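Reviewing the structure listed below.
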Amino acid sequence: MGAGRKLMNAEDLRAQRIRNFWKRVDVRGESDCWEWKAGGLTRGGYGMVVFSALSDRGRTQLAHRFSYELAYGPIPKGEGHHGTVIAHRCDNPRCVNPLHLFACTQAENLRDCLDKGRGNKAFGENAGKAKLTADRVAMIRARIKDGSNAILLALEFNVNPQTIRDIAEATTWQHLPCMADGPLSLVEAKKGP
């Protein structure tokens, strides 16, 4: 270590991180968005904090999550793959104003997104990567009802066999009417008439 430099204790290091964080934020009025102005952004436009202390060199955290923790304390772990997410009331990914942030599940975050008219509402044949049309799904359901093999149908329609199973069980293409007697099970379909 160079002459005159002293090792920072954890409290001093935390205080320095907080000062450095707020230097990179355009703090405005209490109800305004406080935008992250440093260069590090994710593809979705969320600010990234990069820690440079020896113990954390290269560790990153989303800026809005760091801000939330400064204001409200540690983020609860939460359930599921995503755990607890920190969402924006303002829908501005660069915003780090703690008053605009709230903790929720990923499902609640997606519901909030759709309720506000954002997000991908495309489904069925309007979904970007759809290989099937409503008519073809109806044909697949009828053929499964008649006892067709899911793997052979998958080959014929150029889709994964799981896609055929999902269509048969109505876990996908739910917006289309199923057979009068409800979703088909592949076990029932294999029995035939």
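The values are calculated or read from the model by the stated rules, or taken from the named source; none is laboratory data. Predicted model, so just to flag it, every value in this text is computed and none were measured. All Cβ positions, even for glycine, are placed from backbone atoms using ideal geometry, and neighbour counts span all protein chains on display. Heavy atoms of the whole protein, side chains included, go into the accessibility calculation; ligands, DNA and RNA do not. Shrake-Rupley method; radii C 1.70, N 1.55, O 1.52, S 1.80 Å.
What to note about this one:
- Residue tally, condition β-branched (Val, Ile, Thr), under 18 Å from the mean Cα position of the chain (by Cα) and open to solvent by 20 Å² or more (accessible area, probe 1.4 Å), over segment 86-144: 1
- Test: GLU35 is open to solvent by 30 Å² or more (accessible area, probe 1.4 Å) and over 21 Å from ARG118 (Cα atoms): no
- Every condition in (1) on the phi < 0 side of the Ramachandran plot; (2) at pLDDT below 90 holds for ILE140 except the one numbered (2).
Conditions (1) in a helix (DSSP H, G or I); (2) touching a helix residue (DSSP H, G or I) at 6+ places or on another chain (Cβ under 9 Å); (3) aliphatic (A, V, I, L, M); (4) at pLDDT 80 or above, marked per residue:
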site	(1), (2), (3), (4)
GLY4	no, no, no, no
MET8	no, yes, yes, no
ASP12	yes, no, no, yes
GLY29	no, no, no, yes
ARG43	no, no, no, yes
SER55	yes, yes, no, no
GLY58	no, no, no, no
LEU70	yes, yes, yes, yes
GLY80	no, yes, no, no
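- Residues that are among the small types (Gly, Ala, Ser) and part of a helix (DSSP H, G or I) were ranked within segment 145-155; the one that is surrounded by the fewest Cβ atoms within 10 Å (Cβ to Cβ) is ALA154.
- A count restricted to segment 112-137 and to residues that are within 17 Å of ILE164 (Cβ to Cβ) and either in a helix (DSSP H, G or I) or modelled with pLDDT of 85 or more (or both) stands at 9.
- For segment 156-177, a residue qualifies if it is within 18 Å of ALA127 (Cβ to Cβ) and not in a helix (DSSP H, G or I), and the qualifying residues are ASN158, VAL159, ASN160, ALA170, THR171, THR172, TRP173, GLN174, HIS175, LEU176.
- Test: THR133 is of a type in the set (Ser, Thr, Tyr), free of Cβ contacts under 8 Å to residues at least 60 places away in the same chain and closer than 25 Å to HIS82 by Cα: no
- Pick from segment 5-37, criterion among the small types (Gly, Ala, Ser) and without any contact (Cβ under 8 Å) to a residue 24 or more places away in the chain, ranking: nearest to ALA87 (Cα to Cα): GLY29
- Complete set of residues in segment 143-193 that are of a type in the set (A, V, I, L, M, F, W, C), over 19 Å from LYS129 (Cβ atoms) and modelled with pLDDT under 90: ALA168, ALA170, CYS178, MET179, ALA180, LEU184, LEU186, VAL187, ALA189
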